[in-house]
1. Suppose we keep only residues that are part of a strand (DSSP E or B) and within 8 Å of chain A (Cβ to nearest Cβ) within segment B:203-234. Which one would you say is least open to solvent (accessible area, probe 1.4 Å)?
2. Report, by residue number, each residue of segment A:7-63 that is in contact with a Ser or Thr (Cβ under 9 Å, 6 or more places away or on another chain), open to solvent by 20 Å² or more (accessible area, probe 1.4 Å) and closer than 23 Å to A:I195 by Cα.
3. Give the number of residues within segment A:182-202 that are of a type outside the set (G, A, S), open to solvent by less than 10 Å² (accessible area, probe 1.4 Å), under 22 Å from A:A252 (Cβ atoms) and within 14 Å of chain B (Cβ to nearest Cβ).
4. Show the residue pairs that are 6+ apart or on different chains and have beta-carbon atoms under 6 Å apart, the first residue being within segment A:101-114 and farther than 12 Å from B:V227 by Cα and at the interface with chain B (Cβ under 8 Å from one of its Cβ atoms), the second being open to solvent by 10 Å² or more (accessible area, probe 1.4 Å) and among the aliphatic types (A, V, I, L, M).
5. How many residues are at positive phi and under 17 Å from the mean Cα position of the chain (by Cα) if we restrict to segment A:32-51?
6. So in segment A:240-249, with the set limited to residues that are open to solvent by 50 Å² or more (accessible area, probe 1.4 Å) and either closer than 16 Å to A:V168 by Cα or modelled with pLDDT of 90 or more (or both), which one is nearest to the other protein chains (Cβ to nearest Cβ)?
7. Could you go through segment B:80-87 and let me know if any residue there is touching a strand residue (DSSP E or B) at 6+ places or on another chain (Cβ under 6 Å) and either touching a residue at least 40 places away in the same chain (Cβ under 8 Å) or acidic (D, E) (or both).
Protein chains: 2
Amino acid sequence: MSEKKSGHLVIIGGAEDKEGECQILRRFFQLAGEREAKIAILSTASTEPQAGEQYRQIFLDMGAAEVKVLAVHSREVTNQAQYREIFAKQSGIFFTGGDQLRITGILGGSVLGKALISSYRRGAVIAGTSAGAAAMSETMLVGGADDATPSKEIIRMAPGLGLLREAVIDQHFAQRGRIGRLLAVVAHNPYIVGIGIDEDTAVIVDGAGRCEVVGSGTVTIVDGLEVTHSNVSESSLDQPLALTNVRLHILAKGYKYNLPKRIAETPQTKEDI
Amino acid sequence: MSEKKSGHLVIIGGAEDKEGECQILRRFFQLAGEREAKIAILSTASTEPQAGEQYRQIFLDMGAAEVKVLAVHSREVTNQAQYREIFAKQSGIFFTGGDQLRITGILGGSVLGKALISSYRRGAVIAGTSAGAAAMSETMLVGGADDATPSKEIIRMAPGLGLLREAVIDQHFAQRGRIGRLLAVVAHNPYIVGIGIDEDTAVIVDGAGRCEVVGSGTVTIVDGLEVTHSNVSESSLDQPLALTNVRLHILAKGYKYNLPKRIAETPQTKEDI
């Protein structure tokens, strides 16, 4: 199903370890080329001027050849031609957290936004944490209620960056009780795989749509392909959504999920568990 | 930008002429192969058992080789293997109006839904009116307020069928005063082209993303690619959205819009106007 040739996505559920082994950030660093890595950190999702600095220091400490923070916080600057050159050289791009609507609202369709997508198609690895994770799909969650019964009114969606097909991401997943909102997304269109990522946990997606779980929590996969009944079109905005025959997977570190084939795979070697 | 090899989309703003010249329906009939046309009408969006019958009669009167109504109104039946064979033979598929959430909720990811998308990739023409139009894009509008100031709370979006990339459709456009909600969509991600289609008006999209307007009304194109500022991420749900440097086109019959290049084209010959 995927037309991607190369490039990986590292989709992080937020609050990833930044002081210990940094398993998730280290995997991104490795995928970006280790000591040859040229990394750009995009702090667009955040309104804090210093957002991105901590990541810059971490990747420099790991030994990356070059790390820069692109503090792009308004749409006015995103059409500068220089961004084509900058992104042509990056091997890794990292989106900080904040608000996913800042990412699409500021970058969507701009010279920078398009250069970023070209980078990915060319093979660069794109990582995002929290809001940076949410923005990666074609249609993204922009907000919703936590710890809530699934209903149409508890979620809000919008067009995302389009790097990930067939799926919608949710983050801070177990920590904020978000299964209700992910089920609501899948009810809207059971073709979509809902991917709920816990804090300090990530999904690494390769060019063929194979997803691998890393980090200390779990990833919840909500697959609606076999749904036989839902009341999504009849229910009012605040009525509970009913949905039968959802397939659910809870995957920990080392487990994989084949997105085009919709198959969960257990770890092949014991030390992966 | 488009990966489509063939197939046309006929995206109709609702309330198309069914008794006079039937310009729009006739164009669909022609694209489907005229006297060799094998047409399936999908009335999934509607809850009326007779929805689709009038279209069946119209296409039979035009001379189509075969016209059937697929009255698929619950998800339970959409996984029957027969739909693969049925859709392998169709040259045209027509979605009636109703509720776009019924289309994605019932068909999304099912055997029927996937067979339909294969049909399109193979070259079949897919038409949809009103709700059938709205469902065609990757992210679709599922509802919103008419005659309203753009704000986040006036619209609701969800993942659509994904036949049309880079765009979101709105229908009954001038008749229901929907420019506010289309601007709100584009504010969420200026990469998206908002296409507002009046009643008795359609956009025909070819495999390369070139759009042609047919019918008696106009098509409004909202292009956010040059937007220099928006307040979409700072504004609360009910606050008015601000958006600067939107490019707008109002296109009548015979005008074209090149979606990948974002260029409006005037009619080349006088009789087209």
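The values are calculated or read from the model by the stated rules, or taken from the named source; none is laboratory data. Predicted model, so just to flag it, every value in this text is computed and none were measured. Cβ atoms come from the backbone with ideal geometry, glycine included; neighbour counts cover every protein chain shown. Please note that ligands, DNA and RNA were not included when accessible areas were found on the heavy atoms of the full protein model with its side chains. Shrake-Rupley method; radii C 1.70, N 1.55, O 1.52, S 1.80 Å.
1. Step one: filter segment B:203-234 for residues part of a strand (DSSP E or B), giving B:203-205, B:210-215, B:218-223, B:229-230.
From the residues that got through so far, the ones that are within 8 Å of chain A (Cβ to nearest Cβ) too are B:229-230.
Working: B:H229: 72, B:S230: 18 Å².
The residue in question is B:S230.
2. A:A15, A:D17, A:Q23, A:L31
3. Qualifying residue count, segment A:182-202: 4.
4. A:L101/A:V142
5. Of all residues in segment A:32-51, those at positive phi come to A:33-34.
If we keep only those that are under 17 Å from the mean Cα position of the chain (by Cα) too, we end up with none.
Of the residues in segment A:32-51, 0 are at positive phi and under 17 Å from the mean Cα position of the chain (by Cα).
6. Of the residues in segment A:240-249, the ones open to solvent by 50 Å² or more (accessible area, probe 1.4 Å) are A:240, A:244-245, A:247-248.
Pick out the ones that are also either closer than 16 Å to A:V168 by Cα or modelled with pLDDT of 90 or more (or both) and you get A:247-248.
Details: A:R247: 11, A:L248: 15 Å.
So the residue we want is A:R247.
7. Step one: filter segment B:80-87 for residues touching a strand residue (DSSP E or B) at 6+ places or on another chain (Cβ under 6 Å), giving none.
Looking through segment B:80-87, none of the residues is touching a strand residue (DSSP E or B) at 6+ places or on another chain (Cβ under 6 Å) and either touching a residue at least 40 places away in the same chain (Cβ under 8 Å) or acidic (D, E) (or both).
Conditions tested, residue by residue: (1) assigned to a helix (DSSP H, G or I); (2) open to solvent by less than 10 Å² (accessible area, probe 1.4 Å); (3) at pLDDT below 95.
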| site | (1), (2), (3) |
| --- | --- |
| A:R102 | yes, no, no |
| A:G113 | yes, yes, no |
| A:L116 | yes, yes, no |
| A:S119 | yes, yes, no |
| A:A127 | no, yes, no |
| A:V142 | no, no, no |
| A:A148 | no, no, yes |
